[in-house]
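The values are calculated or read from the model by the stated rules, or taken from the named source; none is laboratory data. Fair warning: this is a prediction, and the values are worked out from it, not measured in the lab. Cβ coordinates were reconstructed from backbone atoms using ideal geometry, including for glycine residues, and neighbour counts include every protein chain displayed. Calculation scope for accessible area: heavy atoms of the full protein, side chains included, ligands and nucleic acids excluded. Shrake-Rupley method; radii C 1.70, N 1.55, O 1.52, S 1.80 Å.
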Amino acid sequence: MALIVQKYGGTSVGSVERIQAVAQRVCKTVKTGNSVVVVVSAMGKTTDGLVKLAYEVSKNPNSREMDMLLSTGEQVSIAIVSMALQEFGQPAISLTGAQVGIVTEAEHTRARILHIETERIKRHLNQNKVVVVAGFQGITRTEELEITTLGRGGSDTSAVALAAALHADFCEIYTDVPGILTTDPRLVPEAQLIDEITCNEMLELASLGAKVLHPRAVEIARNYGVPLVVRSSWTDDPGTWVISPTPRPRSLVDLEIARSVDEIEFDANQAKVSMLRVPDKPGVAARLFGEIARQDVDVDLIIQSIHEGNTNDIAFTVMTPILKKAEAVAQAIAPVLRSQKVTENEEAEVMVQQNIAKVSIAGAGMIGRPGVAAKMFATLAEAGVNIQMISTSEIKVSCVISHADCDRAIASLRSAFEIEEDKRNFTLPHSQPTDRFANTPSLPHSPHPPVRGVALDLKQARLAIRQVQDRPGTAAKIFGLLAQYNISVDMIIQSQRCHMMNGVPTRDIAFTVARIDAQAAQNMLQQAAAEYGWGEVVLDSAIAKVSVVGAGMIGQPGIAATMFKALAQHQINIQMITTSEIKISCVVAQEEGVKALQVIHTAFGLAGSQNIQVPA
Ligand code: ADP
Ligand code: ASP
Ligand code: MG
């Protein structure tokens with residue numbers, strides 16, 4: 001007999017018929033000898049409706065009252081689902097988050113789960129009842145017992161956290177699509193079902209816009225090794241398994257906040273090639289990385305900073321032994337780019353830097369916690385380490401620094417994040433994942449394709465700060481300030497070009513933030529400009545971020561080239577590029593986002609022969 005947590009999303013409980021179908025499925029699961037805890041979302045689009053209602057009476061609704069309001073949606077569905085189960089003869093009881101004892105931080109509208117009491121649920125299960133729990137909500141530990149919510153889409157997180165706390169055999173997430181698909185079928189109907197995906201890939205996809213799973217749910221599944229499957233509540237098809245590595249033992253106290261960083265990784269054997277002043281028009285990145293792929297040069301990080309005039313800079317890192325080859329490719333392309341030069345003084349130029357190192361912090365717990373990256377930058381600043389390039393992903397922040405600073409950087413990061421030295425992290429051959437969790441499917445040479453999924457995020461905005469001083473501590477200041485306001489940053493790019501301002505070298509730094517945070521971030525950074533000595537802060541909200549994700553791209557040249565070529569062929573200009581080991585993200589104009597998603601999905605041959613029908 002297994003203990004199963006089943007979570008049903010809004011559409012799956014959107015009508016009486018759907019609720020009856022849910023009740024039937026639950027009864028069937030119980031009849032085959034299992035104990036079932038059901039977690040439900042609010043019916044249909046109830047939560048959207050409640051949000052709208054709040055904004056009809058207030059421009060800036062109080063977050064405590066917002067939680068009070070939004071938590072009602074789930075309270076309706078648990079009662080109705082319980083009644084439907086009882087009607088089928090199945091004993092059942094509904095419980096709110098507070099009644100269960102889902103204890104969270106006192107952070108309204110985005111609370112993290114600290115602890116889950118399991119006693120009451122277990123008691124009801126022992127009485128052969130199905131326990132129907134309200135997703136998305138919790139209660140604070142303070143005497144006031146305030147109702148909190150976990151953030152939109154948070155019922156997935158409630159379900160996986162309950163599965164972890166109850167040591168359930170597995171957690172099933174029932175939704176309106178057949179499982180995790182290569183992309184959103186509402187935008188690309190020929191998206192295909194993925195049988196299984198590693199949690200690292202899913203963490204990236206979820207945070208880059210694939211709404212099918214809440215990223216924090218994937219984080220908990222990974223941390224506690226909860227077997228997780230996403231399935232359709234319309235069919236009996238098997239769905240998609242999210243594969244977690246064997247977790248390190250971890251306490252269930254401070255469930256979502258215990259450890260933000262698991263690993264400090266480094267690679268001391270890198271070199272950087274920068275192409276300065278390349279024309280800012282479609283096709284340039286495609287041409288450069290197309291040639292690099294043809295020469296079989298494996299590139300690690302790629303960044304393209306925002307344009308300056310009509311040109312921008314593209315930089316990439318490679319392992320030192322292939323630097324000569326990489327440089328030769330860049331040098332061969334430079335004259336071609338020069339011939340396309342846009343203004344007199346804007347000549348493409350290749351710059352090579354040897355003796356650089358990449359240091360990274362890795363861990364699923366940095367999701368939505370901007371303070372973690374800020375702490376990394378502050379730690380490096382205190383150690384007097386200048387950051388040359390930053391690359392971020394949901395589960396990793398990497399900084400390119402001088403080779404001479406590497407040991408100092410690692411020692412200070414280990415002590416700041418209390419990570420013991422782990423022999424496994426010493427420089428790995430480049431063809432192997434440096435990520436200890438990339439050990440499940442999709443390793444190089446595995447049958448899995450290098451790109452598992454493509455995601456589109458239309459909820460981001462880009463900020464650029466001009467003339468930021470190029471010295472240790474700058475990133476720490478900027479991202480420390482943003483962290484104070486709880487603003488999470490996704491892509492971060494520093495321009496390669498350096499300008500002297502009053503005898504101090506300066507660079508531009510651009511990054512993306514959630515669009516709802518953008519205005520506040522711009523105001524705050526502008527106010528700090530005089531004190532910190534940076535220039536204008538420019539905001540562009542009309543952007544889209546399109547990303548490809550796959551653990552199989554590690555050690556496989558040509559993935560970036562394919563993505564850039566697909567965009568170039570459709571005349572889509574790339575405004576920014578960043579990569580991590582398992583993802584490549586490009587910022588394009590907002591109106592080109594959907595098209596970009598579609599052409600990239602096609603370019604990687606991800607389309608299936610049958611269209612996915614999403615229930616209305
Ligand atoms: P639920 O209410 O069941 O939690 P959501 O609306 O939160 O459902 O998530 C399911 C939706 O996620 C799908 O209807 C689909 O439009 C969207 N989606 C985005 N990316 C993907 C993807 N890669 N695979 C599957 N669905 C996706
Ligand atoms: N009902 C909540 C929302 O719409 C939580 C969820 O559905 O996961 O965001
Ligand atoms: Mg959802």
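Within the range 510-527, can one find any residue that is within 19 Å of THR311 (Cα to Cα) and β-branched (Val, Ile, Thr)? So that I can check it myself, show each step before the final result.
Restricting attention to the range 510-527, the residues satisfying the condition of being within 19 Å of THR311 (Cα to Cα) are 510-511.
From what's left, β-branched (Val, Ile, Thr): none.
No: zero hits.
Evaluate the following for ASP508: is it closer than 26 Å to ARG152 by Cα and acidic (Asp, Glu)?
Considered against the rule, which asks whether it is closer than 26 Å to ARG152 by Cα and acidic (Asp, Glu), ASP508 comes out as no.
Output the residue which, of all residues in the range 273-322 that are among the basic types (Lys, Arg) and surrounded by fewer than 24 Cβ atoms within 10 Å (Cβ to Cβ), is farthest from the chain's Cα centre (by Cα).
Here the answer is ARG294.
Scanning for something within 15 Å of ligand 2 (Cβ to nearest atom), under 30 Å from PRO449 (Cα atoms) and not in a loop (DSSP other than H, G, I, E, B), does the range 103-117 turn up at least one residue?
no
Of the residues GLN522, GLN469, only one is more than 23 Å from ILE395 (Cα to Cα) and touching a Leu at 6+ places or on another chain (Cβ under 9 Å); which?
GLN522 is the lone residue from the list that is more than 23 Å from ILE395 (Cα to Cα) and touching a Leu at 6+ places or on another chain (Cβ under 9 Å).
In the range 598-612, which residues are under 22 Å from PRO450 (Cβ atoms) and assigned to a loop (DSSP other than H, G, I, E, B)?
PHE604, GLY605, LEU606, ALA607, GLY608, SER609
Given the criteria at pLDDT 95 or above, open to solvent by 10 Å² or more (accessible area, probe 1.4 Å) and near ligand 1 (Cβ under 9 Å from one of its atoms), does GLY209 qualify?
Considered against the rule, which asks whether it is at pLDDT 95 or above, open to solvent by 10 Å² or more (accessible area, probe 1.4 Å) and near ligand 1 (Cβ under 9 Å from one of its atoms), GLY209 comes out as no.
Taking the range 206-228 as the search range and keeping residues that are within 14 Å of ligand 2 (Cβ to nearest atom) and charged (D, E, K, R), which one is nearest to THR157 (Cα to Cα)?
Per the stated criteria, the residue is ARG216.
Does at least one position in the range 6-16 carry a residue that is more than 16 Å from ligand 1 (Cβ to nearest atom) and either open to solvent by 30 Å² or more (accessible area, probe 1.4 Å) or within 33 Å of the chain's Cα centre (by Cα) (or both)?
There is at least one residue in the range 6-16 that is more than 16 Å from ligand 1 (Cβ to nearest atom) and either open to solvent by 30 Å² or more (accessible area, probe 1.4 Å) or within 33 Å of the chain's Cα centre (by Cα) (or both).
If I filter the range 85-117 down to residues being of a type in the set (Gly, Ala, Ser) and open to solvent by less than 20 Å² (accessible area, probe 1.4 Å), which single residue comes out as nearest to GLN20 (Cα to Cα)?
Only one residue tops the list, namely ALA92.
Which one of SER94, SER82, SER77 is modelled with pLDDT of 95 or more, small (Gly, Ala, Ser), closer than 18 Å to ASP156 by Cα and part of a helix (DSSP H, G or I)? Step through it out loud before you land on a result.
On the way: SER94 fails: part of a helix (DSSP H, G or I); SER82 fails: closer than 18 Å to ASP156 by Cα.
Residue meeting the stated conditions: SER77.
Please give the strands (runs of 3 or more DSSP E) falling wholly within the range 186-271 in which 1 or more residues are of a type in the set (S, T, N, Q) and without any contact (Cβ under 8 Å) to a residue 60 or more places away in the chain.
Those strands (runs of 3 or more DSSP E) span 228-232.
Among the residues of the range 219-239, is there at least one that is more than 13 Å from ligand 1 (Cβ to nearest atom), open to solvent by 10 Å² or more (accessible area, probe 1.4 Å) and of a type in the set (Ser, Thr, Tyr)?
yes
So is ALA362 within 24 Å of MET563 (Cβ to Cβ) and over 25 Å from the mean Cα position of the chain (by Cα) or not?
So ALA362 does not fit the description; no.
What pairs come up if the first residue lies in the range 293-315 and is more than 19 Å from ALA561 (Cβ to Cβ), the second is small (Gly, Ala, Ser) and open to solvent by less than 30 Å² (accessible area, probe 1.4 Å), and their beta carbons are under 6 Å apart, counting only those six or more places apart or on different chains?
SER305/SER495; ILE306/ALA464; ILE306/ALA510
All but one of (1) over 19 Å from the mean Cα position of the chain (by Cα); (2) closer than 30 Å to GLN192 by Cα; (3) open to solvent by 50 Å² or more (accessible area, probe 1.4 Å) hold for ASP254; which doesn't?
Failing condition for ASP254: (2).
From GLU196, GLU263, grab the single residue that is away from ligand 3 (no atom under 15 Å from the Cβ), open to solvent by less than 10 Å² (accessible area, probe 1.4 Å) and under 19 Å from the mean Cα position of the chain (by Cα).
Selected residue: GLU263, the only one of GLU196, GLU263 that is away from ligand 3 (no atom under 15 Å from the Cβ), open to solvent by less than 10 Å² (accessible area, probe 1.4 Å) and under 19 Å from the mean Cα position of the chain (by Cα).
Can you confirm whether the range 163-178 contains a residue that is within 16 Å of ligand 3 (Cβ to nearest atom) and hydroxyl-bearing (Ser, Thr, Tyr)?
Checked against the condition, which is being within 16 Å of ligand 3 (Cβ to nearest atom) and hydroxyl-bearing (Ser, Thr, Tyr), the range 163-178 yields at least one hit.
Results for (1) more than 16 Å from ligand 3 (Cβ to nearest atom); (2) under 22 Å from GLU146 (Cβ atoms); (3) touching an Asp or Glu at 6+ places or on another chain (Cβ under 7 Å), shown as yes or no for each residue.
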position: GLN20; (1), (2), (3): yes, no, no
position: ALA23; (1), (2), (3): yes, no, no
position: GLY44; (1), (2), (3): no, no, no
position: VAL51; (1), (2), (3): no, yes, no
position: ARG64; (1), (2), (3): yes, yes, yes
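For the range 457-502: of the residues being of a type in the set (A, V, I, L, M) and free of Cβ contacts under 8 Å to residues at least 40 places away in the same chain, which is farthest from ALA348 (Cα to Cα)?
Step by step, filter the range 457-502, then rank; the result is MET501.
Being part of a loop (DSSP other than H, G, I, E, B), under 18 Å from PHE170 (Cβ atoms) and free of Cβ contacts under 8 Å to residues at least 60 places away in the same chain is the filter here, so list the residues in the range 2-33 that pass it.
THR32, GLY33
Scan the range 147-176 residue by residue and report those that are within 11 Å of ligand 1 (Cβ to nearest atom), open to solvent by 10 Å² or more (accessible area, probe 1.4 Å) and part of a loop (DSSP other than H, G, I, E, B).
Listed by number, the residues that qualify are ARG152, GLY153, ASP176.
Filtering the range 388-410 down to residues that are in contact (Cβ under 8 Å) with a residue 60 or more places away in the chain and polar (S, T, N, Q), which residue is most open to solvent (accessible area, probe 1.4 Å)?
GLN388
When residues of the range 36-71 are filtered for being more than 9 Å from ligand 2 (Cβ to nearest atom), in a helix (DSSP H, G or I), surrounded by fewer than 16 Cβ atoms within 10 Å (Cβ to Cβ) and not hydrophobic (A, V, I, L, M, F, W, C), how many remain?
Selection size over the range 36-71: 7.
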